[in-house]
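*Asks:* Okay, here's the structure, questions in a sec.
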Amino acid sequence: MANDASAAFDTLSPAVSKGSLADPFTPPADSSLWRKNFLLGAATASYQIEGAVDEDGRLPSIWDTFSATPGKVLAGDTGAVACDHYHRWEADIDMLASLGLEGYRLSIAWPRVMDAAGRPNRKGLDFYKRLLNRLKEKGITSFVTLYHWDLPQHLEDRGGWLNRDTAYRFADYTDLMSRELAGTVDAWATLNEPWCSAYLGYGNGHHAPGLANDRFATQAMHHLLLAHGLAIPVLRGNDPASQKGIVANIGRGTANSDSAADQRAAHLFEVQHNAWILDPLLKGAYPQDLFELWPGTEPLVLDGDMQTIAAPLDFLGINYYFRTNVASDGAHGFRDVPLEGVERTQMGWEVHPDGLRDLLTGFKKTYHNLPPIYITENGMASDDKVIDGHVDDTQRISFLKRHLAAVDQAIKAGVDVRGYFLWSLMDNFEWAFGYERRFGVVHVDYSTQKRTVKRSAELVTKFLKERKAKV
Ligand code: IFM
């Protein structure tokens, strides 16, 4: 893969370039992050940044519908404008390159590229073609996610992920995209975080389409994973040179006490967050403990589905954010017991880098066929403000340093981690939390669309510059 952003490093503030700022980010000399082939990039997703929701033939998605429904998204925010990236993409890619970032993970909006009859929408396709060609020109490695939650509304109207047919429609969409974009994509991910699509979308209703039923969640998950499994051979056929994988969010669950009941609760938490997705992908079976947690929710699985789902992967994308402390709920499951006095982010999520290391080393033990891993998202939200033209996001700098150290520890323990993407390149539409929560390493002023590089991004750039200069 390309690992050489050309016109890099123009955006360093004078203080950082002169080395006059203290550097709380640069990894120690023995860190594996100094390896030049350890890919460092940033990630975004279509609905969170593009805006232009009704331009050039884009159809409505479930997130247009959901965010327009009163009470579903904080402050009534929607992705209608977001970061206006659909119109500002060239400047945004220039910014990415000038930060020296070597990889860019983006997603394609399904409703922008296909009409309801499955025919291509040329204008939408051209947008992604131009963007991917520009990344290639700049030597930036592209990771393209096919589904980051913006399901066309017309498919939801026919049952969405509860309808098995949606998995086949996803395979058609994958076929179109991989024929059109072959040669411009370094790595394809079928789905982003099926746990969120299935559980938050169909299990508790916090995300689009807003349904709340455990049985729906397990069936939606099955169809999402089936869609993934159907798409992998399509990608292999149409774009053989690229890597193919999937992105899973993972959660660390720790027990509130040494009691057997609380230990079991922590185990069930991780079954529900991790094994529910990783077991079918890597072992070809659902974890039976899941149905102890949610009795009677076994999905309808047809002959051959599990083999389809367990198609070999070239990489596994891992998104990690926080740890959850749990206790037994006294019945089949677990309940959250938030720890006091721990560091938290603007989301209220506990900062717990060791969880990332422990999960990665645990997966290596559990899955003998664990593919190479990319950390496809890691980052934090903070209430960042631009003061005198600068954003001093101190907590994020420390967060990133500690999580990268955890990745280094996992690598040293034998886990094959090949890269890391910051979530996110820029502040964006944080789903049910709208624009209030800022995850970017670049600040976005939503009233002017002005981008301001935060200090965290400056320090990542400084490190990449130093790494590049090393012989
Ligand atoms: O913003 C999201 C992203 O879309 C998926 N992973 C988690 C991020 C932070 O919540």
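*Asks:* Return an integer: the convex hull volume of the alpha-carbon atoms of segment 48-162, in Å³ per residue.
*Replies:* Cα-based convex hull of segment 48-162, divided per residue, equals 111 Å³.
*Asks:* Once you have all Cα-Cα distances for the chain, histogram them in 10 Å bins from zero and send the whole-percent values.
*Replies:* The calculated distribution, bin by bin, is 4, 21, 33, 28, 12, 2, 0.
*Asks:* Could you please state, rounded to a whole Å, how far the C-alpha centre of segment 62-117 is from the C-alpha centre of segment 428-442?
*Replies:* 12
*Asks:* Excluding residues fewer than 8 places away in the same chain, name every one of the lysines whose C-alpha is closer than 23 Å to that of Lys462.
*Replies:* Leaving aside lysines fewer than 8 places away in the same chain, those within reach of Lys462 are Lys18, Lys36, Lys136, Lys138, Lys385, Lys401, Lys450, Lys454, Lys470.
*Asks:* Apply the Karplus parameterisation 6.51 cos²θ - 1.76 cosθ + 1.60, with θ equal to phi minus 60°, to every residue of segment 355-363 and state each ³J(HN,Hα) to the nearest whole Hz, in sequence, with x for glycine and proline.
*Replies:* Listing the rounded values in order: x, 5, 4, 5, 5, 4, 5, x, 4 Hz.
*Asks:* A follow-up question, please. How much of the DSSP bridge set in segment 364-471 is antiparallel, in percent, rounded to the nearest 5?
*Replies:* Bridges in segment 364-471 are about 50 percent antiparallel.
*Asks:* Take Ala212 and Leu300, extend 7 Å from each Cα along the Cα→Cβ direction, and tell me the distance between the two endpoints in nm.
*Replies:* 2.6
*Asks:* In deg cm²/dmol, rounded to 500, what helix-only [θ] at 222 nm does the chain give when every DSSP H run of at least 4 residues adds -39500 (n - 2.57) and the total is split over its residues?
*Replies:* -11000 deg cm²/dmol
*Asks:* Between segment 280-341 and segment 232-246, how many Å separate their Cα centres?
*Replies:* 26
*Asks:* Let me ask something else. For segment 23-176, what is the percent of antiparallel DSSP beta bridges, rounded to the nearest 5?
*Replies:* 20
*Asks:* Based on the Cβ-Cβ distance of His368 and Thr394, what FRET efficiency does E = 1/(1 + (r/R0)^6) give at R0 = 35 Å, to the nearest 0.05?
*Replies:* 0.25
*Asks:* I need the phi-derived Karplus couplings for segment 78-92: 6.51 cos²θ - 1.76 cosθ + 1.60, θ = phi - 60°, integer Hz, Gly and Pro marked x.
*Replies:* For segment 78-92, the Karplus-derived couplings read 9, x, 4, 10, 6, 9, 6, 5, 4, 9, 10, 4, 5, 5, 5 Hz, x marking Gly and Pro.
*Asks:* By what distance, in whole Å, do the Cα atoms of segment 410-471 stretch along each of the three principal axes, largest value first?
*Replies:* So the three principal-axis extents are 44, 28, 13 Å.
*Asks:* While we're looking at this one, here's another question. Going 7 Å from the Cα of Asp94 along its beta-carbon direction, which residues of segment 452-471 have the amide nitrogen within less than 14 Å of the resulting point?
*Replies:* No residue qualifies, since no backbone N sits under 14 Å from the label point.
*Asks:* So, one more: Over segment 241-360, what is the percentage of antiparallel beta bridges among all DSSP beta bridges, to the nearest 5?
*Replies:* 35
*Asks:* To the nearest 20 Debye, how big is the dipole of segment 31-81 about its Cα centre, given +1 on the beta carbon of each Lys and Arg and -1 on that of each Asp and Glu?
*Replies:* 480
*Asks:* So for each of 92-105, 27-40 I average, over its residues, the number of other beta carbons within 10 Å; can you give me the resulting order with the highest mean first?
*Replies:* Ranked by mean Cβ neighbours within 10 Å, highest first: 92-105, 27-40.
*Asks:* Pull out a ≥ b ≥ c, the square roots of the eigenvalues of the alpha-carbon gyration tensor of segment 323-449, then state rounded if a/c is under 1.5, prolate if not and a/b is larger than b/c, and oblate in the remaining case.
*Replies:* Oblate is the answer for segment 323-449, as a/c is 1.5 or above yet b/c matches or exceeds a/b.
*Asks:* Turning to a different aspect of this structure: Compute the length gained on full extension between Glu180 and Lys385: take 0.36 nm times their separation in residues and subtract their Cα-Cα distance, giving the result in nm to one decimal.
*Replies:* Using 0.36 nm per residue and subtracting the Cα-Cα distance, I get 69.7 nm.
*Asks:* Sorted from largest to smallest, which semi-axis lengths in Å does the alpha carbon gyration tensor of segment 161-208 give for its equivalent ellipsoid, taking the root of 5 times each eigenvalue?
*Replies:* 26, 14, 6
*Asks:* Okay, next question. May I ask you to derive the FRET efficiency for Ala29 and Phe433 from their Cβ-Cβ distance with R0 = 45 Å, giving the value to the nearest 0.05?
*Replies:* For Ala29 and Phe433, the calculated efficiency is 0.70.
*Asks:* How big is the charge dipole of segment 325-447 about its Cα centre, in debye rounded to the nearest 20, if each Lys and Arg gets +1 on its Cβ and each Asp and Glu gets -1 on its Cβ?
*Replies:* 620
*Asks:* If r is the Cβ-Cβ distance from Asp354 to His87 and R0 is 41 Å, what FRET efficiency results, to the nearest 0.05?
*Replies:* 0.45
*Asks:* Excluding same-chain residues fewer than 8 positions from Lys364, which lysines have a Cα within less than 21 Å of its Cα?
*Replies:* Answer for Lys364, where 21 Å is the Cα cut-off: Lys244, Lys283, Lys412, listed by chain and number.
*Asks:* I would also like to ask the following. No solvent, one uniform scatterer per C-alpha: report log10 I(q)/I(0) for segment 222-288 via the Debye equation at q = 0.14, 0.26 1/Å, two decimals.
*Replies:* Log-scaled intensity ratios, in q order: -0.55, -1.11.
*Asks:* Find how much the distance from Glu340 to Ala75 grows on full extension, using 0.36 nm per residue of separation minus their present alpha carbon separation; answer in nm with one decimal.
*Replies:* 92.5 nm
*Asks:* Can you list the residues, at least 5 places off or on another chain, whose amide H is less than 5 Å from the amide H of Asp384, using H built in the peptide plane?
*Replies:* HN-HN under 5 Å from Asp384: Arg438.
*Asks:* Long-range amide H contacts for Arg418: which residues qualify at under 5 Å (H placed 1.01 Å from N, peptide plane, sequence gap of 5 or more or a different chain)?
*Replies:* Here Ile373, Tyr374, Ile375 satisfy the definition.
*Asks:* With the crude spin-label approximation of a point 7 Å out along Cα→Cβ, what separation in nm comes out for Gln263 versus Arg418?
*Replies:* 3.8
*Asks:* Label points 7 Å out from Cα along the Cβ direction at Asn204 and Arg236: separation in nm?
*Replies:* The two pseudo-label positions are separated by 3.6 nm.
Values in this text are rule-based calculations from the coordinates and carry no lab data. All values derive from a computational prediction rather than experimental measurement. When we count neighbours, we look across all protein chains shown, and the Cβ atoms used for this are built from the backbone with ideal geometry, even at glycine.
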